[in-house]
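First up is the structure itself, then whatever we jot down about it.
Just so it is clear, none of the values below were taken in a lab; they were calculated from the coordinates. Owing to the predicted nature of the structure, the values given are computational and were not obtained by experimental measurement. All Cβ positions, even for glycine, are placed from backbone atoms using ideal geometry, and neighbour counts span all protein chains on display.
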Amino acid sequence: MPLSLLLRYLRLLIWYAEARLNYLLSRALAETLHLLWVGIAALIALLCLSAALLLALSHLLSPPMALLLTGLLWGLIAIISAFSLKPWLYKRFETGRHLYRMTLARAGLRLMEKNLLSRPPRLSPSSSLMAFLLPLLSQWIAKWLKTRIRQLLRKISPL
């Protein structure tokens, strides 16, 4: 197998791994920020609504109405955030672009593997050995990258 094909294959494999890692991280970050924001908004809404209810039952003055309106406003923000924040965060972290890059790199890897495996075997034993070892190497690198990504996500997840 020519060295240029091996280098091109390794480059596509690196691009795929990078795009997959970027996709997973941007998606996890968007999901985390979305849940955090909606959770905080819902917490503030519940606190304001409960304080307004307590004050409204005791005094029936304007401060409870202000707290009630504040609670309703935060409730509205939580509802709007639940539906519109996630698509905005996905767009902001370019999750779609990473998914597209990952798909292109995967297609390139499959095409190269197909071309390398469909070639007639040469007489030299080293080329047939490389044609046999290349898919194994690809699978091993993919498994290795998956374990590294999982380890990285485990380190990030407690944060």
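As a size descriptor, the averaged projected area of the C-alpha convex hull of segment 22-101 was calculated at 5.0 nm². The alpha-carbon of Lys114 sits under 27 angstrom from the alpha-carbons of these lysines, leaving out residues fewer than 8 places away in its chain: Lys143, Lys146.
Principal axis extents of the C-alpha atoms in segment 3-156 (largest first, rounded to whole Å): 95, 25, 17.
Among Ile141, Ile80, the order by Cβ neighbours within 10 angstrom, fewest to most, reads Ile80, Ile141. Magnitude of the charge dipole for segment 3-156, about its Cα centre and with charges confined to Cβ atoms of Lys, Arg (+1) and Asp, Glu (-1), is about 980 debye.
With contacts taken as Cα pairs under 8 Å and at least 6 residues apart, segment 3-156 reaches a relative contact order of 33 percent. Placing unit charges on the Cβ atoms of the charged side chains and taking the dipole of segment 3-156 about its Cα centre, the candidate lying farthest along the positive direction among Tyr16, Trp74, Ile141 is Ile141.
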